[in-house]
Structure formats: structure tokens, C-alpha cells
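Below is one structure, written out as C-alpha cells; the observations come after it.
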Amino acid sequence: MAIGCSRLFNTTIGIATTGYAEPSTSIKQAHAYWAIYFKKPHFSLYTGQIIIPKTTSRASAQKYVAREIHRKLRELLIKP
């Protein structure tokens, strides 16, 4: 999805997330998977998982994931 996002919008960076913002009968722990794609200087794809704290609402979970993705993006951009 992150690569597709980059291609669709013709950007050098693509970001994608998917997951479950709240527990359900089949999902014990809310979580999200993420991907960050860099087209330049060479093709790079980074992926991971975020475990969302149990006490959050769906909106809070989405904000939590957005903050974590933003933190990870900053970390990758600053990376030597």
C-alpha cells in the first residue's frame, strides 16, 4: 500500500497503515501494521507493528498510531 500510495500520488515517500483500532471477539489486542516507502535515493521499504494500549478509544487509537508513524518517519529521515 505504501508503494502504491507513492506511485498514485507521484511522491518520493509513501505511508500506509492497517489494523484493528479496538479489540473484538477475534482480536485480543488492538494493533496496527505500518509501512513507509522511500523512492529516493534508492528504493527502501520499512515495516512494523504497533501495539495499541488497551485503555484507548477508537479515535485515541488512531491518534496513537498516527503519532507513532510520525515518530518513525522522523527517525528514518534523520537516520545517518
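The values are calculated or read from the model by the stated rules, or taken from the named source; none is laboratory data. Keep in mind the model is a prediction, meaning the values are calculated, not measured. Quick reminder, even Gly has a Cβ in these numbers, built from the backbone with ideal geometry, and neighbours come from all protein chains shown.
Overview of results
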item	result
Selection status of residue 64, in contact with a Gly (Cβ under 7 Å, 6 or more places away or on another chain) and surrounded by 13 or more Cβ atoms within 10 Å (Cβ to Cβ)	no
Residues (loosely packed, with under 10 Cβ neighbours inside 10 Å and at pLDDT 85 or above) located in the stretch 21-58	49
Selection within the stretch 25-71 - under 21 Å from residue 7 (Cα atoms) and among the charged types (D, E, K, R)	39, 40
Close pairs (8 angstrom Cβ cut-off, 6 or more residues apart or separate chains): surrounded by 14 or more Cβ atoms within 10 Å (Cβ to Cβ) in the stretch 1-17, among the polar types (S, T, N, Q) and assigned to a loop (DSSP other than H, G, I, E, B) anywhere	5/11; 6/12
Residue list for the stretch 1-33, filter: of a type in the set (A, V, I, L, M, F, W, C) and over 24 Å from residue 51 (Cα atoms)	8, 9
Flag if residue 63 is at pLDDT below 95, closer than 23 Å to residue 8 by Cα and of a type outside the set (Asp, Glu)	no
